[in-house]
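The values are calculated or read from the model by the stated rules, or taken from the named source; none is laboratory data. What you see is a predicted model; the values in this text were computed from it and never measured. Glycine also receives a Cβ, built like all others from the backbone with ideal geometry; neighbour counts cover every protein chain displayed. Side chains are part of the model used for accessible areas, which takes the heavy atoms of the whole protein and leaves out ligands, DNA and RNA. Shrake-Rupley method; radii C 1.70, N 1.55, O 1.52, S 1.80 Å.
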Amino acid sequence: MKKAFPQPHTVRISGIGGQGNVLMGIILAEALLDQGSWVVQTQSFGAQVRGGLSYCDVLFNTEPIDYPRAHSFEVIYSMHQMAVNAHVPLLHMNGILIIDSTQVKSIPKEGARMTRKIISKPVTELTEGKFGTSLPANMVGLGLIARAGNFVTTQALKVAMSKHIKAKYVDMNSQAIDFGYSLIERSYNLRSERIDSVGRGFE
């Protein structure tokens with residue numbers, strides 16, 4: 001009889017081509033692997049490499065993962081309106097939704113029905129103000145994910161990031177991860193918290 005493994009935790013990072021969301025997923029997956037998790041990372045691109053919808057999924061668990069796809073997600077990080085419109089319906093009940101409000105101006109009604117854990121920050125705008133460029137906005141996003149989900153450390157993210165970024169940009173991107181982590185104060189435990197009837201859980 002085949003052993004049934006526990007369901008893995010699931011994260012989707014979505015945006016449009018050129019925003020660096022696939023790189024975010026690759027770095028997150030490597031960081032989780034370094035922390036000792038079993039990890040599956042997959043990615044999808046739209047018809048256009050740049051400007052089309054793209055996303056990256058990361059599944060992780062303390063035990064082997066027997067199926068590499070997920071149909072719903074405990075954490076969704078959306079970097080563009082097109083992405084949030086497409087993927088919010090896939091959010092787990094009471095999951096964590098993080099959006100870059102520089103790019104996302106409205107959240108589909110399904111989002112408010114599914115969860116109170118909605119974190120909205122103008123990530124691109126804040127990144128430009130902090131670093132003079134929007135290029136490390138994806139690393140700021142990883143810092144947000146690390147703080148909000150409390151399942152990966154910033155140190156593990158930095159080590160993984162340094163393997164994919166040119167050496168001269170590693171320091172800026174390390175600072176960007178820390179900056180994202182500092183943007184919110186609240187962390188959530190995956191699959192453990194109930195929706196607060198008076199709306200607490202928003203950042």
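Step by step: first the residues of the stretch 159-180, then only those that are of a type in the set (V, I, T) and in a helix (DSSP H, G or I), then the one that is nearest to L33 (Cα to Cα). Which residue is that? Explain how you work it out, then say what you get.
Going residue by residue through the stretch 159-180, those that are of a type in the set (V, I, T) are 159, 165, 170, 177.
Keeping just the survivors that are in a helix (DSSP H, G or I) gives 159, 170, 177.
Working: V159: 12, V170: 20, I177: 18 Å.
Here the residue is V159.
Considering only residues that are closer than 19 Å to N189 by Cα, surrounded by fewer than 17 Cβ atoms within 10 Å (Cβ to Cβ) and without any contact (Cβ under 8 Å) to a residue 24 or more places away in the chain, which ones fall in the stretch 68-111?
Answer for the stretch 68-111, where residues must be closer than 19 Å to N189 by Cα, surrounded by fewer than 17 Cβ atoms within 10 Å (Cβ to Cβ) and without any contact (Cβ under 8 Å) to a residue 24 or more places away in the chain: just M93.
Scan the stretch 124-158 for residues that are part of a helix (DSSP H, G or I) and either open to solvent by less than 50 Å² (accessible area, probe 1.4 Å) or under 16 Å from M79 (Cα atoms) (or both) and report the count. Steps first, answer last, please.
So in the stretch 124-158, the residues part of a helix (DSSP H, G or I) come out as 124-131, 137-149, 154-158.
If we keep only those that are either open to solvent by less than 50 Å² (accessible area, probe 1.4 Å) or under 16 Å from M79 (Cα atoms) (or both) too, we end up with 124-128, 131, 137-146, 148-149, 154, 156-158.
Count: 22.
Starting from the stretch 136-157, take each residue that is of a type in the set (K, R) and list its partners that are open to solvent by 10 Å² or more (accessible area, probe 1.4 Å) and assigned to a helix (DSSP H, G or I), counting only C-beta distances under 6 angstrom and pairs at least six apart or across chains.
From the stretch 136-157, the pairs are R147/Y181.
Between a residue in the stretch 1-27 that is farther than 16 Å from G52 by Cα and any residue that is at pLDDT below 90 and open to solvent by 20 Å² or more (accessible area, probe 1.4 Å), which pairs come within a Cβ distance under 6 Å, given they are 6 or more apart or on different chains?
What qualifies is F5/D66; H9/L190.
Residues are listed down the side, and each one gets a yes or a no for (1) within 20 Å of P6 (Cβ to Cβ); (2) of a type in the set (A, V, I, L, M):
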| residue | (1), (2) |
| --- | --- |
| Y55 | no, no |
| L59 | yes, yes |
| S72 | yes, no |
| A83 | no, yes |
| H92 | yes, no |
| I96 | yes, yes |
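Kindly indicate whether any position in the stretch 113-121 is touching a Phe, Trp or Tyr at 6+ places or on another chain (Cβ under 9 Å), crowded, with 16+ Cβ neighbours inside 10 Å, on the phi < 0 side of the Ramachandran plot and assigned to a helix (DSSP H, G or I).
Restricting attention to the stretch 113-121, the residues satisfying the condition of being touching a Phe, Trp or Tyr at 6+ places or on another chain (Cβ under 9 Å) are 116-120.
Checking the rest, the ones that are also crowded, with 16+ Cβ neighbours inside 10 Å come to 116-119.
When the remaining residues are screened for being on the phi < 0 side of the Ramachandran plot, the result is 116-119.
Still in the running and assigned to a helix (DSSP H, G or I): none.
No, every residue in the stretch 113-121 fails to be touching a Phe, Trp or Tyr at 6+ places or on another chain (Cβ under 9 Å), crowded, with 16+ Cβ neighbours inside 10 Å, on the phi < 0 side of the Ramachandran plot and assigned to a helix (DSSP H, G or I).
Among the residues of the stretch 8-37, which ones are open to solvent by 20 Å² or more (accessible area, probe 1.4 Å), at pLDDT 95 or above and polar (S, T, N, Q)?
Q35, S37 - these are the residues of the stretch 8-37 that are open to solvent by 20 Å² or more (accessible area, probe 1.4 Å), at pLDDT 95 or above and polar (S, T, N, Q).
Restricting the search to the stretch 151-181, which residues are under 15 Å from G141 (Cα atoms) and of a type in the set (D, E)?
D178
Is one or more of the residues making up the stretch 40-58 in contact (Cβ under 8 Å) with a residue 60 or more places away in the chain and surrounded by 18 or more Cβ atoms within 10 Å (Cβ to Cβ)? Walk me through how you get there before you give the answer.
We begin by selecting, within the stretch 40-58, every residue in contact (Cβ under 8 Å) with a residue 60 or more places away in the chain; these are none.
No, because not a single residue in the stretch 40-58 is in contact (Cβ under 8 Å) with a residue 60 or more places away in the chain and surrounded by 18 or more Cβ atoms within 10 Å (Cβ to Cβ).
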